[in-house]
Amino acid sequence: MPDNRRKPIVDPRAAEKRRSLWTKIGAAVVLVALAVGIGIWVVVSNESSTGSSNELTVATDGAFRVTAAPAGTTPPVTVTIVEDFQCPACRAFEAQFAGTIEQLRANPDVAVDYKPIAFLDNMSTTEYSSRAANASACVAEATAGDGDFSTWLKFHDALYAQQPAEGGSGLTDDQLNSIAKQAGAENVGQCIADGQFRDYVANTTQTVLGSGVNSTPTILINGEQYQLSTPDALLQAVNQAATK
C-alpha cells in the first residue's frame, strides 16, 4: 500500500540556524584551544625565566676565578682552593697563607679559583655551610659581573673573620646580609633568604667530592692536589708549574 504519511518538510531557516550554531561552537572551541595554548606558553616561559635567574653567570668552571691575566687569556697555572666557610682549618689556612694567595692573585701567570662547598652542613643546626656558600654566590653574582671580585673577596674574608663555632646555628641570613652590605654588596638579602644558589652549591659540592677531594681546605695546582706545607713551598710549587 502506498505510504500516505506526510514526510517532514525541512525548514531551510532552521537548517541555517543549526549551521550557524555549529560554526559559533567551532569558533569558540578554537579560541579556547588558543587561549589554553597561550596560557601554557606563558607558564613555561615564566618558569624558564625563573630558572635562568638561578644560574650563576660569574662562575668559571664552577669556581670564582680571580686573576690578573689580561682579558681573554688563560694563565698557565690555576690554583684551586676548595673551602668551606664553616671549616676552622680553612680559617687557619686563610690566616697563614693570605699574603701568599694575594701574591698569586696579582701574578698574571696564575688564576686563583675559589670553590666554596657545603662539606660541613652537619656541623651546624641550620646547614650553615650551604647558607654561607649560597650567600657568597649571591654576592659574586651581584658584584662581579665585570670580572672584578674585590667585593666578593671582602665578603669572603669577613666570613672567616666572623666564622661561627661548630655545633651551633651559625650566622643568620640577616647577619650574612649585613656582612654583605659592609663588604659593598647591596640588594642581596632576598637572594640569601631564598637560597637562590643552593642548587649551585649542592652541585659544586657533589662534583668536588666526586673528584676525590675529601677534606677542606684542599689546594690543587693545575688539577693536581697539593700537600700543604708552608707559604714559601706553595709559591715554589706554583712557579715550577708555570715553567712546565
ask   = Counting Lys +1, Arg +1, Asp -1, Glu -1, what net charge surrounds Ile192 among other residues with beta carbon under 9 Å of its beta carbon?
value = -2
remark   = For Gly170, the residues 5 or more places away or on another chain with a placed amide H closer than 5 Å to its own amide H are Thr125
key: Cα centroid of the stretch 103-163 to Cα centroid of the stretch 61-78, whole Å   = 16 Å
task = Pull up all non-local amide H partners of Thr78: gap of 5 or more, or a different chain, and H-to-H distance under 5 Å with H placed in the peptide plane.
result = Ala111, Asn222
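Every read-out reported here was derived from the displayed coordinates using simple, explicitly stated rules and does not represent laboratory data. None of the values given here were measured: they were computed from a predicted structure. Virtual Cβ from ideal backbone geometry, glycine too; neighbours counted across all protein chains shown.
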